[in-house]
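Enquirer: What follows is a single structure, and I will ask about it in a moment.
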Amino acid sequence: MYKLILILFLGGIPLFAAAQQASLLVYKVQEPGVENYISRILVTPEKLRMDEGSDSGGYTLYDRRTGRIFNVDPEEQTVIVFEPPATQPQPPQDMTLSIQRKAEPQAPQVEGKTPVSIKLMVNKETCRELLVIDDSMTHAVAALRELYKALARIQYPSAHMPGTNMSACELSEYVYAPQRAWEHGLPLWDIMGDKRRLLVDFRKGFRVGDEMFQVPEGYERIVPPPLTGN
């Protein structure tokens, strides 16, 4: 269960001379109905870019300064621009969030650290299980907390739309407490329902070109109207 395969993943990542340095996380993702794919995350002090195995080459950019999120589709040459609201959703009174932590001394050490298993629970139901190490890639982990909290602010109104039927686990993970998976360290593996993510590479000081964090010029920009719960 605890076997970790840390590989040097360079497939599909162009290298650039004298550009800028980013933190790199690469996850292998398994979920039902689709072929395994790679989720690559690049983080700088100002931007986060996430590529998730899209056939179109699409990716998400998060501007950490403005809070804007850009979904870029090179195939359609479009950019969907999201402006997250300012108010962060708070868990309702009938949602009790808890965690269980357990050191895993039998797991292989990573960076000289003993991994810790985490269970994220809602109303005593286990919603997500992780294996993490503390104090590693903290810059990238912080940026991911920011991104998922911003996404929750966008998604909050949809949770109250007629016909929406989200479980307590889904509400906690996508709306009310999306940062929990990134509050306990760097996830080495991450299991939520039938979806599994395995960390296969992580590095600081990964050199990339500035264009990796830019929205392509000439693409049609689409600003969707804010969601409402009515």
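Enquirer: Can you tell me how the stretch 82-160 classifies by the Cα gyration tensor, rounded, prolate or oblate, using a/c under 1.5 as the rounded cut? Let's see the in-between values first.
Expert: Values: a/c = 3.67, a/b = 1.56, b/c = 2.35.
It is oblate, given that a/c is not under 1.5 and a/b is not larger than b/c.
Enquirer: Right, next: So if I take the centroid of the Cα atoms in the stretch 21-52 and the same for the stretch 99-134, what is the distance between those two points in Å?
Expert: 21
Enquirer: Let me ask you something else. What does the accessible area per residue of the stretch 30-186 come to in Å², with a 1.4 Å probe and no ligands, DNA or RNA counted?
Expert: Working: 7910 Å² over 157 residues.
Heavy-atom accessible area per residue stands at 50 Å².
Enquirer: With a sphere of radius 13 Å drawn around the Cβ of Asp210, what net charge do the other residues whose Cβ falls strictly inside it have (Lys, Arg +1; Asp, Glu -1)? It would help to have the intermediate numbers written out before the result.
Expert: On the way: positive: Lys47, Arg49, Arg207; negative: Glu46, Glu211.
My count for the surroundings of Asp210 gives +1.
Enquirer: Where in the stretch 109-132 is the amide nitrogen less than 12 Å from a point lying 7 Å along the Cα-to-Cβ axis of Glu31?
Expert: Residues passing the 12 Å test: none.
Enquirer: Helix-only estimate, please: 222 nm mean residue ellipticity of the chain, summing -39500 (n - 2.57) across DSSP H runs of length 4 or more and dividing by its residues, to the nearest 500.
Expert: Calculated mean residue ellipticity at 222 nm is -3000 deg cm²/dmol.
Enquirer: Shifting gears a bit: Using packing as a proxy for protection, rank 216-222, 126-132, 60-66 so that the peptide with the highest average count of other Cβ atoms within 10 Å comes first.
Expert: Working: 216-222: 9.9, 126-132: 20.6, 60-66: 16.3.
So the peptides 216-222, 126-132, 60-66, ranked by packing, come out 126-132, 60-66, 216-222.
Enquirer: Let me ask something additional. I want to make sure I understand the PRE zone here: with the label point 7 angstrom from the Cα of Glu220 toward its beta carbon, which residues in the stretch 79-121 have backbone N atoms less than 13 Å away?
Expert: Within reach of a label on Glu220: 79-80.
Enquirer: Please compare each pair in Lys113/Lys149; Lys102/Lys124; Lys119/Lys204; Lys113/Lys204; Lys47/Lys204; Lys28/Lys149 to a cut-off of 19 Å on the Cα-Cα distance and tell me which ones are over it. Let's see the in-between values first.
Expert: Values: Lys113/Lys149 28 Å; Lys102/Lys124 17 Å; Lys119/Lys204 27 Å; Lys113/Lys204 17 Å; Lys47/Lys204 15 Å; Lys28/Lys149 23 Å.
Over 19 Å apart, Cα to Cα: Lys113/Lys149; Lys119/Lys204; Lys28/Lys149.
Enquirer: If Lys and Arg each add +1 and Asp and Glu each add -1, what is the summed charge of the other residues whose beta carbon sits under 14 Å from the beta carbon of Asp135?
Expert: Details: positive: Lys113, Lys204; negative: Glu111, Asp134, Glu183.
Counting the neighbours of Asp135, the net charge comes to -1.
Enquirer: Given a 1.4 Å probe and every protein chain left where it sits, what share in percent of the accessible area of the stretch 22-222 is carbon and sulfur? Mind dumping the intermediate values first?
Expert: Working: 4480 of 9990 Å².
Carbon and sulfur together cover 45 percent of it.
Enquirer: Additional query: With the dipole of the stretch 22-222 worked out from charges on the C-beta (+1 for Lys and Arg, -1 for Asp and Glu) around the Cα centre, which of Val79, Thr60, Met137 lies farthest toward the positive end?
Expert: Met137
Enquirer: Here's a follow-up. What number do you get for the chain when its Cα radius of gyration is normalised by 2.2 N^0.38 Å, N = residues?
Expert: Working: Rg = 18.1 Å, N = 230, 2.2 N^0.38 = 17.4 Å.
In units of the 2.2 N^0.38 Å rule of thumb, it is 1.04.
Enquirer: For the stretch 51-183, I need the span (max minus min coordinate) of the C-alpha atoms along each principal axis, in Å, sorted largest to smallest.
Expert: 49, 38, 29
Enquirer: Next question, about the same structure. When Lys and Arg each count +1 and Asp and Glu each count -1, what net charge do the other residues less than 10 Å away from Thr44, Cβ to Cβ, add up to? Show your work: numbers first, answer last.
Expert: Working: positive: Lys47, Arg49, Arg64; negative: Glu46, Asp210.
Here the count lands on +1.
The values are calculated or read from the model by the stated rules, or taken from the named source; none is laboratory data. Just so we're clear, the structure is a prediction, and the values are computed from it rather than from any experiment. Cβ coordinates were reconstructed from backbone atoms using ideal geometry, including for glycine residues, and neighbour counts include every protein chain displayed. These accessible areas exclude ligands, DNA and RNA; they are computed on the full protein's heavy atoms, side chains included. Shrake-Rupley method; radii C 1.70, N 1.55, O 1.52, S 1.80 Å.
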